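Beneath this line is the structure, given in structure tokens, with notes to follow.
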Amino acid sequence: MSAKPVVVLTATCLVWGVLLGITHVLTKDKIVEAERAEINKVLSEIFPSASFVEENGYYRCIENGKLVGYAAIVEGAGYGGKMKVAVGIYVDNTIRGVRVVSHSETPGLGSRVAEDEFLKQFEGKTLERVWLKSDGGDIDAITGATISSRAVVEAVRKGMEELARRFSL
Amino acid sequence: MKVQEFTKGLVKKNPVLVLALGLCPTLAITTRVENALGMAFSFAFVLIFSNLLISAIKGFIPKDVRIPTFIVIIASFVTIIDLFIHGYSPSLYEQLGIFLPLITVNCIILGRAEAFASKRPLGETLLDTAGMSAGFALIIVLISGIREFFGTGGIVIFGHQFLPFILSSPATGMILPPGAFLVMGILLAMLKKMGVV
Amino acid sequence: MENLLSIVIAAVFINNIVLTKFLGLCPFFGVSTRVRNALMMGLAVTFVMSCASILTWLIYEYLLIPFEIEYMRIVAFILVIASFVQLVEIVIRKTLPDLYRAFGIYLPLITTNCAILGVTLINVEVESYSFVASAVNGLATGLGFSLALFMMAGMRERLEISEQPVSFRGLPIAFITASLLALAFQGFSGMVE
């Protein structure tokens, strides 16, 4: 057996290793930037005129030099898989707003948890009221999508608890 | 150089319908027309460029290691498009999920490399892969159009409602997995009836 | 999400790799005409999937992450899978010729089975499973694939001898059958939170 196949295969891998390395360097900053831009976009929907200071994955929200609240992005387990939920709270630990960043719920059914009509219910609530109505709280579940609704509720609770611990609210 | 090398990919040798290859993305990401367009673009990028390169260097590749070499080349182009989409269109990246890296194992690409690009000159390879890409795009856009319309009631592309009317009571099942198989089955049966495949 | 039992149930029923995730469709339609062949293919895929999950997890954790070259995962994983399949083929042919005669033709097909690469990517990327969870997920997903393939083959064997419209014969009716199977599997969703 000649050495040619080995040489060609090794050379192919080496050349591509270098080329991919270059592509990685070219796109690396862009990827980080895109991720940050997406987080910023979601947080700005909750705190429209604030700027955000990151602290180990949590955010302080500052408006006109004044601290107005905190925000976190938490993962939860929905009906169809993972979902990412952004929670923004005022300094007194009541909810300013909730957004669903990404989810894989059933389109047209569970996916309605990402709509305003459902998410508006969270506004102004304190931690002890954030449960589904059927569990003794204030949040109306979406008909036929109780698991998805509960997943959002649990993610919001998790986010609020983590923020409270982190910033000792 | 012949035009047939291009047009055969559209219907007569359509990779999805006739050759029954590349079924996974055809069914998985066709819940929305927008995703199908993104997939069609990424797929075309990888298919055309990897096969052009393979055609260009075919004289240097020893027969024994041609498949591993093809796989490395294809996987590398997939990595490139993966990195670029991640950076420039995060929402599309999220929607396509693992089906973007999985273009690597799409049988159409390796199949064209083995059956066509490794034997033919550059010009013909370009026509062949462009035709196959167009054929693939045609099918996934068609299927996603049917599924999105019946499943959600309308077709939304880049935030614009594409159709002048919407369906008042859509059948969610169409965008769920059973709908994908159903649409594909009926489509194949119709084409068979019309004598296309 | 380290509950192994829930990983198994999810991988076999709820997120069945073929019927809800659309991976491995080529062998699902290609090798499901006979129950015997389907079982053989299922076994071969389950074996390769379990081993590939273990191998790629180790490579990702101890090679790609330390050198910060996670972006090389697609190339690295597909090479690992292809070489592993090649290796298994050689070993079986040399040591167990009988087994080779039964499995031989399925092995080369497995390299381009997107379910294998899919599972390895899901393990490290989508779910970030631990080592044990990855191995269990690989095995369970393989079993889920076998189950779907086995059921499909059983139905297609019956379909073949029953009357059906000419234009639906062959692949079209197989897709309709798969649609009904997928519909049945939808019933499992939401079973494990």
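The values are calculated or read from the model by the stated rules, or taken from the named source; none is laboratory data. Since this is a predicted model, take the numbers as computed values, not measurements. With ideal geometry, Cβ positions are generated from the backbone for all residues, glycine too; neighbour counts draw on all protein chains shown. Remember, those area values only see protein heavy atoms, side chains included, never the ligands or the DNA or RNA. Shrake-Rupley method; radii C 1.70, N 1.55, O 1.52, S 1.80 Å.
Values for this structure:
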{"quantity": "Electrostatic dipole magnitude of chain A [Cβ: Lys, Arg +1; Asp, Glu -1; Cα centre; debye, to 20]", "calculated": "420"}
{"quantity": "Debye log10 I(q)/I(0) at q = 0.08, 0.14, 0.17 Å⁻¹ for chain B, Cα point scatterers", "calculated": "-0.28, -0.82, -1.13"}
{"quantity": "Stretchable slack from A:GLU117 to A:LYS41, in nm (0.36 nm times residue separation minus alpha-carbon distance)", "calculated": "25.4 nm"}
{"quantity": "Surface share of carbon and sulfur [accessible, 1.4 angstrom probe, percent] for the protein assembly as shown", "calculated": "64"}
{"quantity": "Accessible area expressed per residue, the protein assembly as shown, with surrounding protein chains retained (probe 1.4 Å, Å²)", "calculated": "45"}
{"quantity": "Peptide A:8-15, shielding by other chains (average Cβ, 10 Å cutoff)", "calculated": "5"}
{"quantity": "Sequence-distant residues sharing a close amide H with B:VAL16 (under 5 Å, placed H)", "calculated": "B:LEU21"}
{"quantity": "Cα-based Kirkwood hydrodynamic radius, the stretch C:17-166, one decimal, Å", "calculated": "16.1"}
{"quantity": "Shielding by other protein chains, B:101-110, mean Cβ within 10 Å", "calculated": "5"}
{"quantity": "Protection proxy ranking of C:148-161, A:88-101 - average other beta-carbon atoms within 10 Å, highest first", "calculated": "A:88-101, C:148-161"}
{"quantity": "Choice from B:LEU110, B:LEU52, B:LEU176 showing the highest fluctuation, given a GNM over chain B with Cα pairs closer than 10 Å", "calculated": "B:LEU176"}
{"quantity": "Chain B: angle of helix B:66-88 to the longest principal axis, Cα-based, in degrees nearest 10", "calculated": "50"}
{"quantity": "Label-point gap, in nm, between A:LEU127 and A:LYS30 - each point 7 angstrom along Cα→Cβ", "calculated": "4.3"}
{"quantity": "Whole-angstrom gap from the stretch B:151-191 to the stretch B:1-74, using each part's C-alpha centre", "calculated": "26"}
{"quantity": "Dmax and Rg, reported as Rg then Dmax, of the protein assembly as shown (C-alpha, Å)", "calculated": "24.7, 77"}
{"quantity": "Size-normalised alpha-carbon gyration radius of the stretch C:109-170, reference 2.2 N^0.38 Å", "calculated": "1.59"}
{"quantity": "Crossing angle, helix A:146-166 versus chain A [Cα axis fit, 0-90 degrees, rounded to tens]", "calculated": "90"}
{"quantity": "Rounded Å value of the spacing that divides the Cα centres of the stretch C:1-65 and the stretch B:78-138", "calculated": "24"}
{"quantity": "C:VAL18 long-range amide H proximity, modeled H, under 5 Å", "calculated": "C:LEU23"}
{"quantity": "Point-to-point label distance, B:VAL156-C:ILE161, nm (Cα→Cβ direction, 7 Å offset)", "calculated": "5.1"}
{"quantity": "Within chain A, helix-based [θ] at 222 nm, where runs of 4 or more DSSP H residues each add -39,500 (n - 2.57), nearest 500", "calculated": "-14000 deg cm²/dmol"}
{"quantity": "For chain A, built as a Gaussian network whose Cα springs stay under 10 Å, the top-fluctuating residue of A:ALA155, A:ALA11, A:ALA141", "calculated": "A:ALA11"}
{"quantity": "Simple spin-label estimate for B:GLN4 and A:TYR90 in nanometres, 7 Å along Cα-Cβ", "calculated": "7.6"}
{"quantity": "Percent RCO, i.e. relative contact order, over chain B, from Cα pairs under 8 Å lying at least 6 residues apart", "calculated": "36"}
{"quantity": "Mean-position separation - Cα centroids, the stretch A:118-169 and the stretch C:96-159, in angstrom", "calculated": "39"}
{"quantity": "Value at 222 nm in deg cm²/dmol, rounded to 500, when DSSP H runs of n ≥ 4 in chain B each add -39,500 (n - 2.57)", "calculated": "-19500 deg cm²/dmol"}
{"quantity": "Partner chain coverage, peptide C:115-128 - average Cβ within 10 angstrom", "calculated": "3"}
{"quantity": "Cα gyration tensor of chain A - equivalent ellipsoid semi-axes, whole Å, descending", "calculated": "41, 22, 13"}
{"quantity": "Accessible-area ranking of A:HIS103, B:HIS86, largest first, probe 1.4 Å", "calculated": "A:HIS103, B:HIS86"}
{"quantity": "Between B and C, accessible area buried - total, square angstrom, nearest 100, 1.4 angstrom probe", "calculated": "3100"}
{"quantity": "Candidate residues A:ARG60, C:ARG101: accessible-area rank, largest first, probe 1.4 Å", "calculated": "C:ARG101, A:ARG60"}
{"quantity": "With DNA, RNA and ligands ignored, accessible area of C:PHE185 (1.4 Å probe; Å², nearest 10)", "calculated": "10"}
{"quantity": "The stretch A:54-120: GluC sites (Glu not before Pro) in DSSP coil with no more than 13 other Cβ atoms inside 10 Å", "calculated": "A:GLU115"}
{"quantity": "Rounded to whole Hz, the Karplus (6.51, -1.76, 1.60) HN-Hα couplings of the stretch C:27-42, x for glycine and proline", "calculated": "x, 4, 8, x, 10, 9, 8, 10, 4, 4, 4, 4, 5, 4, 4, x"}
